[in-house]
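*Asks:* Below you'll find the structure I mean.
The values are calculated or read from the model by the stated rules, or taken from the named source; none is laboratory data. Computed from a prediction, not measured in an experiment: that's the story for all the values here. Positions of Cβ are backbone-derived with ideal geometry, glycine not excepted, and every protein chain shown enters the neighbour counts.
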Amino acid sequence: METQNFKNKLSEIRDTLIGLERLKTDIKFISNKETEYFSQIVEKSDFFYRIYRNSIKLFVIDICKLLNPNEDFSLIKTLNYILSNRKRIDWKRVLTASRIAELILKIEILNSEHLESFKNLRDRHYAHNDKNKFDHDYNVTLKKCWESLLVVQEIFIELNLSLLNEQYIFSILTIEPYEIVTLLKYKQINEMLITELRKGPDLGELQKVRDITLGKKLV
């Protein structure tokens, strides 16, 4: 029973971490000013700005689920559970009580550095609309978000390896957003068509491409 309970907790944590890694990927790609698509597609787009802001909002809300000791599937609660039930869990690689205590301390240090800022931002801006929300300095940066996520991922990876003997790599979820790249290609194709139209009205076979960019159905 304890082993299954632990598996269930890990499953919930894993799903939250997958969502956080994907949010991190979206935020980093959308905000990367070094890319070719940023100035042409993202920079002046209200749509992508909304995605950027909402992704940060959801990231803060979800990272609090893993850091906040009061949350059912937080790392602290999970670690305390396995510390109390360590001898009744069927380990693939035994995790010692001293190592579990080290992981608990690691989370406690992380919480002392970042959790209060995350919680204040979540509670005053995102989950609620506090009338004094602008009177506080939240001191939340993307760097702190990524650092916190990395610590939580490392702890999960160790727990997952100890219980199931399965290695989990979150970085494989990092994929360049197809939609943004496609929009850049569309913009480049459209600019090429405009250049050709300036030379003359006859586009030849390129007229079919022009019709697609104009939203016309091909016969």
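*Asks:* With respect to residue 84, is the statement that it is among the small types (Gly, Ala, Ser), out of contact with any strand residue (DSSP E or B) (no Cβ under 8 Å at 6 or more places or on another chain) and surrounded by 13 or more Cβ atoms within 10 Å (Cβ to Cβ) true? Lay out the reasoning, then the answer.
*Replies:* Working: among the small types (Gly, Ala, Ser): yes; out of contact with any strand residue (DSSP E or B) (no Cβ under 8 Å at 6 or more places or on another chain): yes; surrounded by 13 or more Cβ atoms within 10 Å (Cβ to Cβ): no.
Taking the combined requirement at face value, the residue does not satisfy it.
*Asks:* Only residues that are in contact with an Asp or Glu (Cβ under 9 Å, 6 or more places away or on another chain), closer than 20 Å to residue 14 by Cβ and of a type outside the set (Val, Ile, Thr): list them for region 70-98, please.
*Replies:* Selection gives 72, 73, 77, 81, 85, 90, 92, 95.
*Asks:* A follow-up question, please. Condition first: assigned by TED's automatic domain parsing to the domain that holds residue 7, exposed (fewer than 12 other Cβ atoms within 10 Å of the Cβ) and either charged (D, E, K, R) or modelled with pLDDT of 80 or more (or both). Can you find one or more residues in region 186-199 that meet it?
*Replies:* The answer is no, given that none of the residues of region 186-199 is assigned by TED's automatic domain parsing to the domain that holds residue 7, exposed (fewer than 12 other Cβ atoms within 10 Å of the Cβ) and either charged (D, E, K, R) or modelled with pLDDT of 80 or more (or both).
*Asks:* With respect to residue 62, is the statement that it is acidic (Asp, Glu), exposed (fewer than 13 other Cβ atoms within 10 Å of the Cβ) and modelled with pLDDT of 90 or more true?
*Replies:* Spelling it out, it is not the case that residue 62 is acidic (Asp, Glu), exposed (fewer than 13 other Cβ atoms within 10 Å of the Cβ) and modelled with pLDDT of 90 or more.
*Asks:* Select from region 13-28 the residues that are acidic (Asp, Glu) and surrounded by 15 or more Cβ atoms within 10 Å (Cβ to Cβ) and list them in ascending order.
*Replies:* Scanning region 13-28 gives 21, 26.
*Asks:* While we're on this one: In region 36-71, which residues are free of Cβ contacts under 8 Å to residues at least 40 places away in the same chain and touching a Lys or Arg at 6+ places or on another chain (Cβ under 9 Å)?
*Replies:* Across region 36-71, the qualifying residues are 39, 43, 55, 70, 71.
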